[in-house]
Each structure stands twice: as C-alpha cells, then as structure tokens.
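First comes the structure, then the notes that go with it.
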Amino acid sequence: MEEKTPIMDPSMRTLSIFRDRFENRSVSGISWSTETGTSAAKRVAICYTPNDLSCPTAHYESFIYNLECPSVPEIELHPPSPLICLEYNTKDSNFLVGGMSHGSLCLWDVRQGSLPVWTSAIESSHRGAVNAVRWISSKTAFECVSVSADGNSMTWDTRSNTSPLETIQLAPAPEALPEGFAPPFGGRCLDYHTGVPTKYMVGTVEGLVMSVNRKASDPSTRISGVFPGHYGPVYAVRRHPTETKYFCSVSDWSCRFFTEDNKTPLLTIPAQRNYLTNAVWGLARTTVIYTGNTVGGIDAWDLIQSLKEPICSITVGQSPVYSMAVEPNGQFLMTGDSEGTATLLELNEPLRNITQTEKSLFNGMMQRESKRVKNYDQFIKEQKMREKAKAGGHQEEGEKKEEKPFDPAEIEAEFEAALRGEKEVVVEKKRVVIGGDEEQPEPQPQAASKGVLGNVIGDTLN
C-alpha cells in the first residue's frame, strides 16, 4: 500500500535574525549572491543607511553574511558616503555596486578588501541620492543603471569610465502623461530583467511607473510606457520572473499588476489596513507574491487562489519593512526593517513547488484579464468620443443662436417706452397658414398703457 503524501499548508518560519551592531540605522537594501554549485555557500549583502545622514558620527559600514556562519559578518564594506542601495553582480559574485547619498556610485571587489575599487566622478553623477541601482546585460557584464530623485536615469560602465555612458531624463512626452502630471519625475525604485534586455522599469516619487527603452533610436521615445494608478511614491516595481510582460508595483495601501500592453491595472490586491512598503515575487512558485507593511508584517498572496486574503502571514517585528529579497532558488526570504534588523525566513514546500497546471492557470487568468481591460478601455474611449461629439454639436447650436447678439441698450429703450406709455415699435412678422395660399402678417400688439405697467414689463422681458 502506497504511503500518502501529507498535505501541508503554506507557511514561513524564522531561521535567523541579523541585528545591526550600530544604532539609528535602517536596512535599505538586500542582495543575494548568485553563486551556483552544490559547494557554493549562500551569501547575502545587507546595506545599512543612517537615519540621520547629516550626523557626523554616523557609521557607513555595510556587511556581507555567510549563511553557514551567520553570527558575524564575513566581509565589511566601507563606502566614502552613506550607502542607499547595494547589488551583487549577476555574472560575477566577487563584485558589488552601491549607490550613495551624495549621488555617486562605487564598486567593490571582495577579493581586494573592504574599500571600493571604482568610484564615479561626483561632478558627473546624480544631483541627489542614488535610490536604486541594477546590473544590466552587456558584453562586459560590468554595466549598470541607476536612478535618483533628481529626475535622471544613468547608465554606467564600472570598469574604467567615471562618467555615465548615457543619461535619460524621466520626462515622457506630454501626450503620454495622465491628466494632472508634469515632468520632471524623480526615480524612487528600479527593476531590470534579463528576459527583456533592452528595457527597465522605474517607479517614481509621483506615483507613476515608467518603462524605459534604452535602445530606442529616437531619444524622445526612450520612455515607451507610463502606467498610473497610485497615490503616493512607488516603493517597488517587480517584473514577473517568467512571464516578463507582466509586472507589479507597490505604493499606498495596494499592490497593482500590469501588462505592458495596457495602462489600466489587470489585478489589484485589496486596500490593506496598513501601508505597503515593498513586494517580491516568489522565484520558485511564481504565482505567489510577498508584501511587507509598516507594522512588520509579511503576507504571501497566491494570485490564482484568492485576492481577498493572503494564504499565510508572519510578523517579523514592529517596525516598517523596508527591504525584501528572495534567494535565487526560492527557498529563503530575507527582510530588513527601519531599526536595522534583518530576518531570514524559510519558505516551506507549498511555497516552493509549482506545477504545470498552476503555470497554465496563471497564464490563462492574466490573458483573460488583459482582454477584459482592453475591452473596457476601448469602451471608455468610445464613450468619451461620443460625449465629445455631442458637446461639439451643442456648441454649434449655441453659436447659431448667438448670430444675433444681445443688445442691452435695445431692451432698456423698450422698457423706458413702456414706462412712458408709448407704442412699441414692432417689426412686422409673417406667419404661414397651413393650407393657405398666402402668408399673413401676425397681429400687431396693442399700445402699452400706463395702467398695466406690470403686464408691459412682463411682456417686454418675455
């Protein structure tokens, strides 16, 4: 008799807690090493940012931990300025790039110590803090892109050039912007997927998500899509791990899901009681997305199961969750909060295994929602065209009525004549008698009388 496989509910459990040795710092970035092989140790880089950047005694160090010995950092990174973001090189895990508060970028080679081996020229860098940086596909594997609140996106070659290879202003064409928005826009977050090598997504401080095509021939068309829908800064934008035409964005109290073909969200997680601060896709079970909030909670949502409530939740603290990252194999999830505490969570089997049926269900659901949104947008467009045509017809009628302008002096003269009891000068009008052969003049009004002043005034105004 075959032994039945026990049914397990999705769950997350805490494995380790990494506390910052310094006070008044928050975890602003988490990046997993991409080392492969059975003997490769799992390493994770944790970026710390002082809560008060102007404090002269603030510490700037960030750390790399080896999960085989998580009690102490394996490597310390010493930047010249407070770090805001930190990313492992996707091709070579010996290199990391970081964005600093004064707008420059720096590169580390962990084989050469704790100091950076390359730093961008400050006069050619961003004019504000580098909020996000990502490695992009290139022939050298050393190119990256960064965004800042100064309204620019810059592409860098970290081998030798201290100036950006290219600078793109986050200012879409006016006709592509929703009503009420005007450039420039500050970059708040960034996402890049190797499945779409020529594009990357930028979330702005103003609540818009932009798709930037870095290979567009015309500089004016570099921003190929603008997606509205949020009421505050976009804290995270994540492209789906396998179905790359879909992506999600996190802001205010909601998480919205888009496709590049439509500006209207396909799906939306219902507004939560607490403000959402970040989100990441599950890299093993790609139908699940994890969200963090301002009270230290982590929720797992299965899109094909239910959008009304998460399939499991866990509390990692009482402080806002700023950073989240899933380990490349999809086994671990690490979070970081505003108090400098990083928590390593293990995802159980139901959160790591995906079946072919779930993949087809997810694709079918997203395609169905895409078709629904497309039909809805077309209906709204047709409605607006009808209203515009109707308003144009009313305007033409109004213009015809105003061919004889209103003359206040004429009305005043008639009123004075009525007060004096004088006979009004009436232009003779002709009327057509149905069935008659000739037009007959309309009857003339009687002379105004001083005793019927009220009737005269009323008749005159009518």
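Near the amide H of SER81, within less than 5 Å, lie no amide hydrogens of residues on another chain or at least 5 residues away, with H placed in the peptide plane.
The largest accessible area among TYR246, TYR275 belongs to the first residue in TYR275, TYR246, and the rest follow in falling order (1.4 Å probe, all chains).
Which percent of the accessible area of the range 115-180 is formed by carbon and sulfur heavy atoms (probe 1.4 angstrom)? Mind showing how you got there, number by number?
Working: 1470 of 3030 Å².
Reported share for carbon and sulfur atoms: 49 percent.
The stretch between ARG159 and ASN24, if pulled fully straight at 0.36 nm per residue, gains 45.2 nm over its current Cα-Cα span. Could you tally the net charge around LEU96, taking each other residue with its Cβ under 14 Å from the Cβ of LEU96, Lys/Arg +1 and Asp/Glu -1? After counting each charged neighbour, the total is -3.
Measuring max minus min along each principal axis, the C-alpha atoms of the range 245-366 give extents of 41, 31, 23 Å (largest first). Label reach from THR14 (point 7 Å along Cα→C-beta): in the range 264-278, amide nitrogens under 20 Å belong to 277-278. Net charge in the neighbourhood of VAL321 (other residues with Cβ under 11 Å of its Cβ; Lys, Arg +1, Asp, Glu -1) is -3.
When only the Cβ of Lys, Arg, Asp and Glu is charged (+1, +1, -1, -1), the dipole of the range 224-267 relative to its Cα centre reaches about 60 debye.
Stokes-Einstein diffusion coefficient for the range 66-162 at 4 °C in a medium of 1.567 mPa s, Rh from the Kirkwood formula over Cα pairs: what value in µm²/s? Provide the component values of the computation, followed by the final result.
Working: Rh = 13.7 Å.
Stokes-Einstein gives a translational diffusion coefficient of 95 µm²/s.
Near LEU208, once Lys and Arg are set to +1 and Asp and Glu to -1 for all other residues with Cβ below 11 Å from its Cβ, the sum equals +1. Measuring with a 1.4 angstrom probe and ignoring ligands and nucleic acids, SER160 comes out at about 80 Å² accessible. Between ASN131, PHE181, PRO197, the Cα set farthest toward the positive side of the dipole of the range 113-219 (charges on each charged residue's Cβ, about the Cα centre) is that of PRO197. For the cross-link pairs LYS308/LYS359; LYS42/LYS359; LYS42/LYS245; LYS199/LYS359; LYS42/LYS215, the ones whose C-alpha atoms lie over 32 Å apart are LYS42/LYS215. Extension gain for ARG127-ALA176 works out to 15.0 nm (0.36 nm per residue, less the C-alpha to C-alpha distance).
Could you give the alpha-carbon Rg of the range 103-230 over 2.2 N^0.38 Å, rounded to two decimals?
Numbers: Rg = 15.0 Å, N = 128, 2.2 N^0.38 = 13.9 Å.
Here the Cα radius of gyration is 1.08 times the empirical estimate.
Amide H to amide H under 5 Å from LEU190: which residues, 5+ apart in sequence or cross-chain, H placed 1.01 Å off N in plane? Those qualifying (amide H under 5 Å, at least 5 residues apart or on another chain) are GLY203, VAL237.
For the range 180-254, the equivalent ellipsoid built from the Cα gyration tensor has semi-axes of 20, 17, 9 Å, listed from largest to smallest.
Could you do me a favour and compute the accessible area per residue for the range 252-344, 1.4 Å probe, result in Å²? Present the calculation step by step, with values, prior to reporting the outcome.
On the way: 3250 Å² over 93 residues.
Using a 1.4 Å probe on heavy atoms only, each residue of the range 252-344 averages 35 Å².
Across the range 191-327, Cα pairs under 8 Å and at least six residues apart give a relative contact order of 15 percent.
The values are calculated or read from the model by the stated rules, or taken from the named source; none is laboratory data. These numbers were taken from a predicted model, which means no experiment stands behind them. Glycine also receives a Cβ, built like all others from the backbone with ideal geometry; neighbour counts cover every protein chain displayed. Accessible surface areas use protein heavy atoms only, side chains included; no ligands, DNA or RNA. Shrake-Rupley method; radii C 1.70, N 1.55, O 1.52, S 1.80 Å.
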